[in-house]
1. Starting from the alpha-carbon convex hull of region 304-371, give the projected area averaged over all orientations, in nm².
2. What shape does region 240-342 have by the C-alpha gyration tensor, where a ≥ b ≥ c are the square roots of the eigenvalues, rounded means a/c under 1.5, and otherwise prolate means a/b greater than b/c and oblate the rest?
3. Around Val52, which amide H atoms from residues at least 5 apart in sequence, or from another chain, sit under 5 Å from its own amide H, with H modelled in the peptide plane?
Amino acid sequence: MFFHLLKYKLKALFREKDLLGWIFAFPIVLGTFFYLSFGTIMQSDDYDFSPVPIAYVTESGADETFDGILEELGTESDDQLFQITKTDMTKGEALLKEGEVDGIIVSVQDKALQGAASQNISVVVSGKGLNQTIIKSFLETYLKHKSVIEQIGSTHPDKMEAAINILSESTDFNKEISYSNAKMDNLSQYFFALIAMTCMYGSVIGRRCVEDIQGNLSALGARREVSPAHKLTVIVADFCGFVLVDFSSVLLLIGYLTMVLKIDFGDRVPQIILTAFAGSVIGVAMGTFIGSIGGISVTIKDALVSVISLVLSFLSGLMINNMKDIVEHTVPFVNRINPAALITDCLYSLNMYDNFERFYTNLVLMGVIAVFFIFGSYMQLRRNRYASI
């Protein structure tokens, strides 16, 4: 009986062209617009590392070794670390204030910036961004190595050559490494959120699940109320049918993004599919929960489903790519109960981490949310009785 009901529910769903348009066609159209807007940027090298602009203030007699290293790192090449402007302190401070450079490196003899003693190389930065961190890290590494070499030279000069070789091998100021199995940038968040939105759109058909089994909401529901089929079997068959339809739409979207638009989601395909399935279950369960609320008209329920789905998708980064990060730094609890944010975080963690700890944590939270919606729907539907239908 279950598979018979499931088969005919799927047949009925695939005949509703307007409903399928929102579930299948709209995400693909939106994904295409995303790609036309910035997909080519993602595939270009615009987000590759750019040399850090710095001002270099030096004088005759300063550290010549440091001068040579800095000149080498400022030479145009694939490994160029700095874009150097040699100037005096006054002009350097003006460039820093105007944002033309991200820091000032000062190399003077027997004195440091602002009269500090004993250090002849110093750095001035404005802010705490990535480029400022690179400048400070470079200088700290150089000074540390310089100190080690000076100490070895004074105590074990015979080991100087070996020490220099070891330090040279361990020093790489501009080396590209990846913690991901995919090409990741900040625009990928839009496509993650698009997948989450498609999962949340399962609530549109999930709401229909309740309408089709309640005798006071539709003629179909009235006929099914008096049918000999057990109500729980009908509910489960309908729910599974809606999940399969929404899951199919998510898989179609992922296939379109990866195979047609060439968006790279990495090679952890089973985990991506598992995320899509869990998201579809939550989307349909949320729609079923809203649809089962009594005392509210179908029109209001439809409006609630649409608004809630869009708000959750917005908070996951569908319209503003760093919105999830903003929420994380202000009200992080919202990201823990927002299924759309959990879906995007699952996809993000699959691309950024070499283990599955964060992924499975998000998946457990999604399971808890799905169980809450399903149990809440069951509690509201199990005792429905009608004086007449």
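1. Mean projected area of the Cα convex hull: 4.8 nm².
2. oblate
3. Amide H neighbours of Val52, under 5 Å, 5+ apart: Phe82, Gln83.
Quick note: the coordinates plus some simple rules give every number you see, no bench work behind them. As the structure is a prediction and not an experimental result, all values here were calculated from the model.
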